[in-house]
Amino acid sequence: MLLEEAAAEILRPGGALACALPGFEPRAGQLAMARRVARAIDLDERLLVEAGTGTGKTIAYLVPAILSGRRVVVSTGTRTLQDQIASVDLPRLQRVLPRPFSFAVMKGIGNYVCLRRFHDHRRQLDLAATAAPGTARVLAWAERSPTGDRAELDGVPEEAAIWRDITSSPETRLGKRCPFVADCFITAMRRRAAESQVLVVNHHLFFADLALRSRFPEAQVLPSYEAVIFDEAHQLEDIATEIFGVQASTLRLFALGRDVERAPTGPLGAGRVESVARRIEAGTHMLGQVLRGRLPRKSGESDDLRMPMPDDLWQGEVLTRYHELDTVLEEASVLLARLAEDDGSELSGPSPPAPAKAAVLTGLAQRAAILRTDLDEIVSSARRDSVRWLALSARNVTLRASPVDVAPLLRESFDRHAGPLVFTSATLSTAGAFTYMRERLGLADTAAEATFASPFRFDQQALLYIAEDLPDPTHEGFAAAAAQRALDLCRLSRGRALLLFTSFRNLRIAEEVFRAHDEFPLLVQGQRPRQALLDELRTRVGSVLLGTQSFWEGVDVPGEALSLVVIDRLPFAVPDDPLTASRIERIREDGGDPFGSYQIPRAALALKQGFGRLIRSRRDRGVVAVLDGRILRKSYGAALLASLPESCPRAFTLDEVRAFF
Ligand code: SF4
């Protein structure tokens, strides 16, 4: 049987899934998408597939991918989706599909506990007899975890300090020389991956593999594969930009200093290593200070400030501090490498054994050398194809060099792959065309395209309210007026709302207005972890959640708990953001129209993502409110509106919203 027919047989009404899975509703869009993906896999095609919310796209691509019998990589934008596919969708299909298959999950090694670091850390805690709250829980979990993947443990935030001490990283891995290699979680994860038909990874890991292969053709992170399906493919450009760039941060330098300080040296090396560790920390501190001193700090805009690196930054005291740090990193790598080569006399002493100590020292020496090279590349490279920029937060200064345009790099990588490539998401096209995504991903005319509309009845389930009477968002009175309108809307919806902002400044103003009236339980980004906020929005019906960029996508709150989504401004990328500014400049230099070909489509996709938060099931009902009247007044507004569901009725007064609710 053709793959297309085999997939359709599984998904059709009365097919295997409908018979075996309680609650499974056959959907025409899902069936059609599965057929199209099956054809792409059969014909080794590249395919862009937009599947509206509710299509059931995960099952639509998994079924043909599994039935093809080929080794398939499924790459997701977020670890949340990766975990969902591995814990829900694939086990279900294993029970139902006539063809047995195996699957494995691979994440970046920073997600897994490193047994060597875990044992080192526990030994240090025993010596110190103190531990941060929550540490005992993590340590008890790590003892019995089957995978060592920290996603298994609920309730310990990603940023908890304990993870820094016990998880692996490319720079701390010892590989075969490690005394724990036989039980190592990462070795086991790679073994499972090598033996599985379906491999679930994320875009970060996928591109890390590509970046490594492009530098060292023999090296690879992922086992070989025949087909790739990119889910949440609209995130590919941003993630590729991150991975193909270079970054060095004060946090990374401090972490090196801390690990060097704990290096397992013998008595002869201890003093020298301790001194070099302290100098790394002091040098990092000094460089961080002078960098902050040289850069303007806009207050209240954002917790993370991104700005282009001034051309004259690396002069005077900044340059002096950089040279000092460069010198100590070089000293550190030479000293640690020399101690590692020592015949063992300096390294003798209590466990771990000398060969393991030597391996730790070699790893640290390499880490210092890599950081030095990365810093050097950022400081000295001013290339046309890359943009150098800084990100400042209260705790960290990050220096980056990022490719301005990743399309050529992606094109080259995709061209090296002979098999099928499927790119899917709920948001790939703008105003019905895939032009923008093709250009940004380097696909030009090499990919076919298909669209499967959402099965939701937007004509009955949703209302698009546009506040055409509010001041223009560039007007200084806008934020306060928009906050008041958002409050009026929440009164009509009885809370149950997600308020999406494009800036922290406007979020703070709205927070003040809502707190002054104190009518709804308020959940505010940054005050608790994202997942905790979403859980409360879901369970405490009537709450109002205020969030910026990271809440525009990936929020899935079906049911009445989310009945109103308010979008304060049209989500244009900030034009003075270093990456956006350099992309605009590049398009202009190449004779293009950056506003029409880059800024509008990007905003349209973000708006479509924001809109997509509202209706998550056939039973959902609610209102999306856009408080930025430029969507009606400006000529570009038509392109943005054309990216939203055509059948969704529009309203312009609060009375209409009241009537809807
Ligand atoms: S092999 Fe690497 S990741 Fe595994 S326990 Fe040893 S050092 Fe850690």
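Just a few scattered comments:
- Answer from Arg215, Arg164, Arg150, Arg177 - the residue that is at pLDDT below 85 and within 29 Å of Gly134 (Cα to Cα): Arg164
- Selection from region 89-114 of residues that are crowded, with 19+ Cβ neighbours inside 10 Å and within 16 Å of the ligand (Cβ to nearest atom): Met106, Lys107, Ile109, Asn111, Tyr112, Val113, Cys114
- Qualifying residue in region 115-130 (condition: open to solvent by 80 Å² or more (accessible area, probe 1.4 Å) and within 16 Å of the ligand (Cβ to nearest atom)): yes
- Residues that are charged (D, E, K, R) and more than 30 Å from Ala561 (Cβ to Cβ) were ranked within region 582-629; the one that is most open to solvent (accessible area, probe 1.4 Å) is Arg588.
- The residue list Gly610, Gly596, Gly591, Gly622 contains one member that is of a type outside the set (Phe, Trp, Tyr) and touching a helix residue (DSSP H, G or I) at 6+ places or on another chain (Cβ under 8 Å), which is Gly622.
- Residue within region 190-197 that is over 30 Å from Arg528 (Cβ atoms), buried (at least 16 other Cβ atoms within 10 Å of the Cβ) and within 14 Å of the ligand (Cβ to nearest atom) present: yes
- Only one of the numbered conditions (1) open to solvent by 20 Å² or more (accessible area, probe 1.4 Å); (2) in contact with a helix residue (DSSP H, G or I) (Cβ under 7 Å, 6 or more places away or on another chain); (3) away from the ligand (no atom under 16 Å from the Cβ) is violated by Val49, and that is (1).
- When Ala606, Ala581, Ala573, Ala561 are screened for being among the aliphatic types (A, V, I, L, M) and touching a Leu at 6+ places or on another chain (Cβ under 7 Å), only Ala561 passes.
- So Leu205, is it crowded, with 20+ Cβ neighbours inside 10 Å, more than 14 Å from Asn111 (Cβ to Cβ) and under 21 Å from the mean Cα position of the chain (by Cα): no
- Number of residues in region 165-186 that are crowded, with 19+ Cβ neighbours inside 10 Å and more than 8 Å from the ligand (Cβ to nearest atom): the value is 3.
- Every pair of residues 6+ apart whose Cβ atoms lie under 7 Å, when the first sits in region 31-58 and is under 21 Å from Leu93 (Cβ atoms) and not assigned by TED's automatic domain parsing to the domain that holds Phe434 while the second is in a strand (DSSP E or B) and of a type in the set (Phe, Trp, Tyr): none
- Pairs meeting the criteria (first residue in region 432-448 and among the basic types (Lys, Arg), second residue not in a helix (DSSP H, G or I), beta carbons under 8 Å, at least 6 apart or on different chains) are Arg438/Leu48; Arg438/Ala444; Arg438/Asp445; Arg438/Ala447; Arg440/Val406.
- Region 445-466 - residue that is of a type in the set (Phe, Trp, Tyr) and part of a strand (DSSP E or B) and, of those, farthest from Cys648 (Cα to Cα): Phe452
- Filtered by the rule that a residue be over 32 Å from the mean Cα position of the chain (by Cα) and charged (D, E, K, R), region 635-661 gives Arg650, Asp655, Glu656, Arg658.
- Which numbered condition Gly442 misses (of (1) assigned to a loop (DSSP other than H, G, I, E, B); (2) more than 30 Å from Ile41 (Cβ to Cβ); (3) not basic (Lys, Arg)): (2)
- Out of Leu409, Leu399, Leu428, sole residue that is in a loop (DSSP other than H, G, I, E, B), among the aliphatic types (A, V, I, L, M) and touching a strand residue (DSSP E or B) at 6+ places or on another chain (Cβ under 7 Å): Leu428
The values are calculated or read from the model by the stated rules, or taken from the named source; none is laboratory data. Everything quoted here is computed from the prediction, not taken from an experiment. Heads up, the Cβs are rebuilt from the backbone with ideal geometry, glycines too, and the neighbour counts pull from every protein chain shown. Just the protein is used for accessible areas: all its heavy atoms, side chains included, with ligands, DNA and RNA removed. Shrake-Rupley method; radii C 1.70, N 1.55, O 1.52, S 1.80 Å.
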